[in-house]
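Here's the structure, in structure tokens; my notes come after.
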Amino acid sequence: MEINKPFPDFVQNSTKGKLRFYEFKKKRWCLFSSFRKSCTPVNTTELVELSLFSSRLKEQGVLMLGFSCDSIDMIHTWLGDIKEHFNREIHFPIISDEKRRISNTLLLTNSKDSEHPANCSVLIDPENMIRSISFSPNTVGRSVEEQMRLLEGLTLSLKHPISTPSDWVPGQDVYVDPEREFDCDLPLIHFNHYLKRIQMPKDT
């Protein structure tokens, strides 16, 4: 996997039946989340957190897709535990890649645990291009809020020749991308030839 490279198409079994990725995605944004292992504290709480954001992501036209190298039966057992202990149902599909075919293609490797993929989050744009890749250790849970922030910054920067600063949140000022042509009526705050700040464009 590389940023700005296509995410490959595949056909694989999932908790919602056989899934053809490009057909499932239909030119929408997708948050692809790989889970090292079912039935672990970190991955369980991550999956619960994703379910809490599902409505917000759906409103923005973003699909969610989980990924595991465990069996379908094991994943369903895991989802049953989540329903029992957290009262949350997971409505998006989770891929089962027991033979590691997709895991090996995507290089979702974990040097200390070759039997399971690394915890990884990938944002894929409507043209199936990889826009963000985030690997995480097994002992620290991922932030879905950060994935949402990344998504909003990415969609904004794809529409306008801007970039978002450190710790930016929607509504805050952004910076003109010096590597792209800029044509906008918004007032500029000049710091020097490469630092030009503007208000966040409103037509997003």
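The values are calculated or read from the model by the stated rules, or taken from the named source; none is laboratory data. The model shown is predicted, which means the values in this text are computed figures rather than measured ones. Reconstructed Cβ throughout: ideal geometry from the backbone, glycine too, with neighbour counts over all protein chains shown.
Structure data summary
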read-out: Cβ pairs under 6 Å, 6+ apart, first in the range 80-97 and touching a residue at least 60 places away in the same chain (Cβ under 8 Å), second among the aromatic types (Phe, Trp, Tyr) and buried (at least 19 other Cβ atoms within 10 Å of the Cβ); value: 95/67
read-out: Residue within the range 135-144 that is in a loop (DSSP other than H, G, I, E, B) and among the β-branched types (Val, Ile, Thr) present; value: yes
read-out: Any pair with Cβ under 6 angstrom, 6 or more apart, that starts in the range 30-49 at a residue that is assigned by TED's automatic domain parsing to the domain that holds residue 131 and touching a residue at least 24 places away in the same chain (Cβ under 8 Å) and ends at one that is outside any helix (DSSP H, G or I) and among the charged types (D, E, K, R); value: 38/70; 46/142; 48/88
read-out: Test: residue 65 is at pLDDT 95 or above, assigned to a strand (DSSP E or B) and not acidic (Asp, Glu); value: yes
read-out: Pick from the range 105-128, criterion touching a residue at least 60 places away in the same chain (Cβ under 8 Å) and surrounded by fewer than 16 Cβ atoms within 10 Å (Cβ to Cβ), ranking: farthest from residue 28 (Cα to Cα); value: 113
read-out: Selection from the range 42-61 of residues that are among the β-branched types (Val, Ile, Thr) and within 16 Å of residue 138 (Cβ to Cβ); value: 42, 44, 45
read-out: Check on residue 99, more than 30 Å from residue 201 (Cα to Cα), assigned to a helix (DSSP H, G or I) and basic (Lys, Arg); value: no
read-out: Residues (without any contact (Cβ under 8 Å) to a residue 60 or more places away in the chain and either assigned by TED's automatic domain parsing to the domain that holds residue 188 or among the hydrophobic types (A, V, I, L, M, F, W, C) (or both)) located in the range 129-142; value: 135
read-out: The one condition in (1) in a loop (DSSP other than H, G, I, E, B); (2) surrounded by fewer than 17 Cβ atoms within 10 Å (Cβ to Cβ); (3) out of contact with any helix residue (DSSP H, G or I) (no Cβ under 7 Å at 6 or more places or on another chain) that residue 70 fails to fulfil; value: (2)
